[in-house]
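Inspection log for the structure reproduced underneath, given as structure tokens.
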Amino acid sequence: MQRAKTKTKTRVFSGVQPTGNLHLGNYLGAITKFVALQAEHDCLYCVVDLHAITVFQDPDELAKNTREVTAAFIASGIDPGRHIVFNQSQVSGHAELAWIFNCVARIGWLNRMTQFKEKAGKDRENASAGLYVYPNLMAADILLYHATHVPVGEDQKQHLELARDIAQKFNNDFAKTIAREGYEGGFFPLPEPLITGPATRVMNLRDGTRKMSKSDESDMTRINLTDDADAIAKKIRKAKTDPEPLPSEAKGLETRPEADNLVGIFAGLAETSKEAVLRDFGGSPFSKFKEALAELAAAKLNPIGEEMRRLMADPVEIDRILDDGARRAHAIADPILAKTKDIVGFIRS
């Protein structure tokens, strides 16, 4: 277990909240990256149900949505045999380490978290305490496994920076004990961000300045993973654009958020760059481009939606996958949590 004495393969941790209506933003911004990372890293992919309850969740819907995210992982190409897929609440170490980190993190750090301000809004006094300390739990998710890398979107970079601050402060606070235990350079690693691909942030189809969200009232603002080809085509056809044809260079997208979003979506689905897309479609009217985008999106997403529906019809199998993943996650997390308790000074049997 001692990192000073053992060289391990890079380990990736990431999670998705089970809040229903998985959409294209989840797929391009996270899940496709998860699939690609399997080739070069040891990966843990978590359905973060503890994070989900920072706002009230209907219990039946929470269980259903947890299985839906698991189905989306597998349907998109994540291999639960080679890598670990599990739901957060089955590994109690997440909550235990989060409490230790609540006592390491500083109030001032949490007060700077922009996502809490955005989610709590003007009704901050009625937000849950869990929503406020959410970043500490996120740090625990990552550091419980000594993860070395975390795939994050731009909006999550601040949380990863906080996780690094918490790890560094813990290492500093308990430096003497950590050194006595034989760990050189600290007990917790400082995880690095992985931000890859042309569509890490997918925007609303009707407003290119806002992120695509499952909480938007209008279903026309997003493409759901379970949408059929007709629904996808309709939403893309009605997506907001501007009257100018597509530019020939990416620089021409800088002041055109809706065009930039659609080109980024095409690039993400085609696994290419915005520049390559514009070489093919620069100067074209949006009608031609949207037709090609609708065909590409349907070709990519329809098989995933069909496989998700097949998996969701067998919840026993999904639960078996989650149970197996939790068992394997425990095997990594439990020794790290036990050593953390030793370092802090907790007596344990």
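General observations
- Filter result (free of Cβ contacts under 8 Å to residues at least 60 places away in the same chain and within 24 Å of the chain's Cα centre (by Cα)) within the stretch 311-349: Glu317, Arg320, Arg327, Ala331
- Just one of the numbered conditions (1) crowded, with 22+ Cβ neighbours inside 10 Å; (2) more than 21 Å from Val202 (Cα to Cα) is not true of His41: (1).
- Residue within the stretch 64-72 that is out of contact with any helix residue (DSSP H, G or I) (no Cβ under 9 Å at 6 or more places or on another chain), at pLDDT 95 or above and over 22 Å from Pro189 (Cβ atoms) present: no
- As a summary of the residue check, Gly208 satisfies the conditions (1) of a type outside the set (Asp, Glu); (2) surrounded by fewer than 16 Cβ atoms within 10 Å (Cβ to Cβ); (3) part of a strand (DSSP E or B) except for the one numbered (2).
- Restricting the stretch 303-321 to residues that are surrounded by fewer than 19 Cβ atoms within 10 Å (Cβ to Cβ) and among the aliphatic types (A, V, I, L, M) leaves a set whose member that is farthest from Thr226 (Cα to Cα) is Val316.
- You will find that of Ile78, Ile166, the residue that is part of a loop (DSSP other than H, G, I, E, B) and β-branched (Val, Ile, Thr) is Ile78 and no other.
Quick grid of which residues meet (1) free of Cβ contacts under 8 Å to residues at least 12 places away in the same chain; (2) assigned to a loop (DSSP other than H, G, I, E, B); (3) exposed (fewer than 15 other Cβ atoms within 10 Å of the Cβ); (4) not assigned by TED's automatic domain parsing to the domain that holds Gly29:
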residue: Ala140; (1), (2), (3), (4): no, no, no, no
residue: Tyr145; (1), (2), (3), (4): no, yes, no, no
residue: Leu162; (1), (2), (3), (4): no, no, no, no
residue: Phe170; (1), (2), (3), (4): no, no, no, no
residue: Gly185; (1), (2), (3), (4): no, yes, yes, no
residue: Phe188; (1), (2), (3), (4): no, yes, no, no
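- Filter result for Gly264 (outside the structural domain of Lys33 (by TED's automatic domain parsing), surrounded by fewer than 19 Cβ atoms within 10 Å (Cβ to Cβ) and either among the β-branched types (Val, Ile, Thr) or in contact (Cβ under 8 Å) with a residue 24 or more places away in the chain (or both)): no
- For the stretch 81-116, the tally of residues that are outside any helix (DSSP H, G or I) and touching a Leu at 6+ places or on another chain (Cβ under 6 Å) stands at 3.
- Breaking point among (1) free of Cβ contacts under 8 Å to residues at least 60 places away in the same chain; (2) surrounded by 15 or more Cβ atoms within 10 Å (Cβ to Cβ); (3) in contact with a Pro (Cβ under 7 Å, 6 or more places away or on another chain), for Val133: (3)
- Any chance Leu37 is in contact with a strand residue (DSSP E or B) (Cβ under 7 Å, 6 or more places away or on another chain) and closer than 13 Å to Ala329 by Cα: no
The values are calculated or read from the model by the stated rules, or taken from the named source; none is laboratory data. As the structure is a prediction and not an experimental result, all values here were calculated from the model. As a convention, Cβ positions derive from the backbone with ideal geometry for all residues, glycine included, and neighbour counts pool all protein chains shown.
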